[in-house]
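The values are calculated or read from the model by the stated rules, or taken from the named source; none is laboratory data. Here the structure is a predicted model, which is why all the values come from computation and not from measurement. All Cβ positions, glycine included, derive from the backbone under ideal geometry; neighbour counts span all protein chains shown. With ligands, DNA and RNA removed, areas are computed over all heavy atoms of the protein, side chains included. Shrake-Rupley method; radii C 1.70, N 1.55, O 1.52, S 1.80 Å.
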Amino acid sequence: MPAVHKLLLEDALQDSPQSRSLLSVFEEDAGTLTDYTNQLLQSMQRVYGAQNEMALATEQLSKQLLEYEKQNFTLGKEDEEVISTLQHFAKAVEELNSLHAELATQMADRMVFPMVQFREKDLTEISTLKEIFGIASDEHEASMVKYSRLPKKRENEKVKAEIVTEVAYTRRKQHQASMQYYCALNALQYRKRVAMLEPMLGYTQAQMSFFKKGMDLVSKKMDSFLTSVSSMSQSIQAQLDSEAESMRLSQRELLSVEDTVYMPDRDRDPVNRTLIQKAGYLNIRNKTGLVTTAWDRLYFFTQGGNLMCQPRGAVAGGMVLDLDNSSVMAVECEDRRYCFQITSPSGKTSIILQAESKKEYEEWICTLNNISRQIYLTDNPEAVAIRLNQTAIQAVTPITSFEKRLEGSPHPDRAKPGSALPSTDTAQKAPQNSEPEDLIAPGTPIQFDIMLPASEFLDQNRAGGRRTNPFGETDEDCSPDTDDPLLQQVFVVRFLGSMAVRAGHTQEVIYEAMRQVLAARAIHNIFRTTESHLMVTSSCLRLIDPQTQVTRISFQLRDVSQFAAHQENGRLMGFVVEGQDWGEGTEDGDPTFSAFVFESNTEGEKICYTISLGKEIIEAKKDPAALAQLMKSMPLTNDGKFLLLDSETGGAENGAGQEELESEA
């Protein structure tokens, strides 16, 4: 006998759209079988009841048997043996259409009754199990909606425990119902064959047993055929018994797992950060009005560089977003947990998704970040992802406080408050070799924040706003009152990290610092950043708190030795600041360099252009004629400032309440 299609019990718990799609095929097949069974049974009952129209009834039965081949069973494409057997029976019925009506009793016992039993027992069981499965699925969906609405900060442990228990109960109930439903549908593929063959076998045997006299010629032709049909039916029944036992053992094994399997957010396996493809259910936020939103639970999966979504019942998934060069960041959304946002490279398209557990949340973010780097295009993407992850872990040592940074810094004295910054007349030449270890020392600590200690912030307020920043730079020469009125441009930026570097006059050191900072954030799941205003003037760079208008850090523009925007991600930019290490035994101090990496709301090239213009103004101030020529070549505002870009602070002030954002990098 050919192989029989069946539903896998192992897929019952996941309940994926692929399983649902395959289940719909089985359900459609069962519906077709039900329709055909009713038609065949009607034909048999007509044979039994129409004693006076025996010839016509048997002729109709013969035709109906031939219709089995035309039923177009989706799962019965290889059912050639049953089709050929029924065709043979149809011919036999046509030859026996003149038999007497006295066979009605035996026809009722051996032909009509098995088919009635198949319809009332097997097909009715399928219908009942389908209703139970539908109810269990609806209850599970309702419990998942309750669980997804659990608040993150104000959750009640008792309520959470009740909802988690309800989710586990409904999920287990759905699992049991689906496995029973799957088993019944699988068994139906065997019972269908037996139900089609047994009635006709009984019908033909009854005809021969009562009318053997005068039918010797016919019986000699039919004996071997009936024997083979009987053997085939017994073989199918044996396969059914074996498959039923196998499904029973599988069902027992799958139900013997711990209850934590049914509970969300109870993953024991570690987070895999090297995935390049992933699939699973996520909640997606959709707008339902101008200010209203709704969350839908859909099945998402990655395919190449695309994020796909497949609703239940759909044959295939559709593309949601192109992930190449996209950015992924964690977000706070409507008091829901485990939310993250995917933004296209242009920034015009973004979606917000919610994962079911913390492990799924972290794996989705890591996987989407891996795909956005186009690792999947390499010959061995799995190995590349593992190597990048290991390299990033070995290459960076993240430190998230100023105190730890000063302890681990190769030049801790340069960060002391009040240290002066010399000019860049003795600028160091860039190294000829651009190897990473020549640009940045291995194991260099990384600073991820620019946050003042509480005591320093209070002292600063008492002192009237003057402060000493933790990097060792002072605001004496870069106060708001002394800013050059010729150039004053503000950009909205988010500080990603800073670190000491060995060279300060090459753009490669900025690119390497960006790589290490982003790698460290990805490895250690540091997604939160603080939004600031970067003010560029012709004398200094100032990083200002948008809420308090306090200068967090400032640099003399003459000390900025190099600046550049990322070659691929235009929102990333960085610059190198030159200082001096006043160590013992040195009169002038050794030059030191620190790289700072930012993410902006605009193109990093615009910030770099503004810094470049500021340096041009510094040089032009040395020659009044050159300054006048520069002012003629650049458009000015009504108050005499250089007209560069529209201010970005208007949109930022509206959202100033959100101190901590998540980096798209």
- Would you pick out the residues in region 328-365 that are touching a Ser or Thr at 6+ places or on another chain (Cβ under 8 Å) and not in a loop (DSSP other than H, G, I, E, B)? V328, M329, R336, Q341, I342, T343, S350, Q354
- Message: Residues that are farther than 28 Å from R193 by Cα, at least 1 per element: which helices (runs of 4 or more DSSP H) completely within region 89-182 meet that?
- Response: 124-148
- From the options N38, N97, residue that is open to solvent by 10 Å² or more (accessible area, probe 1.4 Å), at negative phi and modelled with pLDDT of 85 or more: N38
- Mind listing just one residue for me: the one in region 10-19 that is surrounded by 18 or more Cβ atoms within 10 Å (Cβ to Cβ) and modelled with pLDDT under 85 and, of those, farthest from H140 (Cα to Cα)? A12
- Message: What are the pairs with Cβ atoms under 6 angstrom where one residue, in region 25-36, is within 17 Å of E120 (Cβ to Cβ) and the other, located anywhere, is outside any helix (DSSP H, G or I)? Sequence gap at least six, or different chains.
- Response: Y36/Q71
- Message: Name the residue that is nearest to Q341 (Cα to Cα), counting only residues in region 298-313 that are open to solvent by 20 Å² or more (accessible area, probe 1.4 Å) and touching a Pro at 6+ places or on another chain (Cβ under 8 Å).
- Response: L298
- When S246 is run through (1) hydroxyl-bearing (S, T, Y); (2) at pLDDT 90 or above; (3) under 32 Å from the mean Cα position of the chain (by Cα), the failure sits at (3)
- Item | Criterion violated by W582 - all others in (1) out of contact with any helix residue (DSSP H, G or I) (no Cβ under 9 Å at 6 or more places or on another chain); (2) farther than 15 Å from M514 by Cβ; (3) at pLDDT below 90 satisfied | (1)
- Is at least one residue of region 279-296 in a helix (DSSP H, G or I) and open to solvent by 60 Å² or more (accessible area, probe 1.4 Å)? no
- Query: Restricting region 143-202 to residues that are open to solvent by 20 Å² or more (accessible area, probe 1.4 Å) and among the polar types (S, T, N, Q), which is modelled with the lowest pLDDT?
  - Reply: N156
- Item | region 8-32, residues that are part of a helix (DSSP H, G or I) and hydroxyl-bearing (S, T, Y) | S19, S21, S24, T32
- Any chance L275 is at pLDDT below 85 and in a loop (DSSP other than H, G, I, E, B): no
- Within region 512-550, the residues that are modelled with pLDDT of 85 or more and in a strand (DSSP E or B) are S532, H533, L534, M535, V536, T537, C540, L541, R542, L543, I544
- Query: Any idea which of (1) open to solvent by less than 40 Å² (accessible area, probe 1.4 Å); (2) modelled with pLDDT under 90 is the one A55 doesn't satisfy?
  - Reply: (1)
- Task: State all residues of region 207-230 that are open to solvent by less than 10 Å² (accessible area, probe 1.4 Å) and at pLDDT 80 or above; if no residue qualifies, say none.
- Result: V229
